[in-house]
Amino acid sequence: MSFQLPKLPYAYDALEPHIDARTMEIHHSKHHNGYTNNLNNAIQGTDLESKSILDILENMDMSNMAVRNNGGGFYNHDLFWKIMSPNGGGEPSGDLAAAINEEFGSFEEFKNAFSKAAATRFGSGWAWLCVHKGGKVKVCSTPNQDNPLMPEIGCGGVPVLGLDVWEHAYYLHYQNRRPDYINSFFNLINWEEVNRRYNEGK
Ligand code: MN
């Protein structure tokens, strides 16, 4: 069995003006497609071929760079597309809102912590909100296409919200203004989906 490039749940131009259509098209049809094809090539003929992507991430041989980079890239982008929506933005509600307030004091303080993790990730990588056993939430960041589910990452927990801060995610529209891109991302967050992942992961 091989992995398939997931379809975007909206049109390439649906996230404008926050993320432009050209960036979305290249990001999905070139970058995400590349990770998908390279993952399939890397696992072909190995016992990973029959495993789920979660199984592959959680039991990652961190020295296998082809599977690590492309397995991470495959999963991370799938999460990224789904936790955004043209109707996103606002604030979470329910159990997730309570967990965020408990950990950070307020939604604004969470936003500051997440934005800082995204802005200070040197080079390429991701910022994450993860849920730990029992429901506690934490912010962290990872380099390259690493994911908190992989061993030895140090974040721990299940990622429920992720922001791609590779230059390919924002450079056409924002050039070097990563903080503006991070700020715009908050207008796109699909909190309903993040809350669903929180309840599933806790
Ligand atoms: Mn990307």
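The values are calculated or read from the model by the stated rules, or taken from the named source; none is laboratory data. For clarity, every value in this text was computed on a predicted model and none was experimentally measured. Using ideal geometry, Cβ is built from the backbone for each residue, glycine included, and neighbour counts are taken over all protein chains shown. The area values use the complete protein model at the heavy-atom level, side chains included, leaving out ligands, DNA and RNA. Shrake-Rupley method; radii C 1.70, N 1.55, O 1.52, S 1.80 Å.
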Please give the net charge around Y12, taking every other residue with its beta carbon less than 10 angstrom from that of Y12, where Lys and Arg add +1 and Asp and Glu add -1. -3
Would region 60-178 count as rounded, prolate or oblate if I go by the C-alpha gyration tensor, calling it rounded below 1.5 in a/c and otherwise prolate when a/b exceeds b/c, oblate otherwise? oblate
Cysteines (scope the chain) whose Cβ has no counterpart Cys Cβ under 4.7 Å: C130
Sites D20 and F107, calculated FRET efficiency, Cβ-Cβ separation with R0 22 Å, nearest 0.05: 0.25
I want to check the label-to-label distance for N40 and N176. Put each point 7 Å from Cα in the C-beta direction and report it in nm to one decimal. 3.9 nm
Percent of C-alpha pairs per 10 Å bin, region 21-82, short to long: 22, 54, 20, 4
Packing-based order for 106-114, 186-194, using average beta carbon neighbours within 10 Å, highest first: 186-194, 106-114
What FRET efficiency comes out for E200 versus H168 if R0 is 30 angstrom and r is the Cβ-Cβ distance? Round to the nearest 0.05. 0.55
Enumerate the calculated ³J(HN,Hα) couplings along region 164-180 in order (Karplus 6.51 cos²θ - 1.76 cosθ + 1.60, θ = phi - 60°), each rounded to whole Hz, writing x wherever the residue is Gly or Pro. 6, 10, 5, 4, 4, 7, 8, 5, 4, 9, 9, 6, 8, 8, 4, x, 5
Work out the charge dipole of the chain with +1 on the Cβ of Lys and Arg and -1 on the Cβ of Asp and Glu about the Cα centre, then indicate which of L172, A21, I43 is farthest towards its positive end. L172
Using only the alpha-carbon atoms of the chain, report the extent along each of the three principal axes, biggest first, to the nearest angstrom. 49, 40, 29
Packing rank of 43-49, 92-98, where each peptide gets the mean count of other beta carbons within 10 Å, highest leading: 92-98, 43-49
Can you work out the accessible area per residue across the chain, with the rest of the protein chains kept in place, probe 1.4 Å, in square angstrom? 47 Å²
So for the pair E152, L54, with labels modelled 7 Å out along Cα→Cβ, what separation do we get in nm? 2.4 nm
Determine ³J(HN,Hα), in whole Hz, for all residues of region 63-72 in sequence, where each value follows from phi through the Karplus function 6.51 cos²θ - 1.76 cosθ + 1.60 and θ = phi - 60°; x replaces Gly and Pro. 8, 8, 5, 5, 6, 4, 5, 8, x, x
So if each residue of separation counts as 0.36 nm, and I subtract the Cα-Cα distance between S29 and A98, what length gain in nm does that give? 21.1 nm
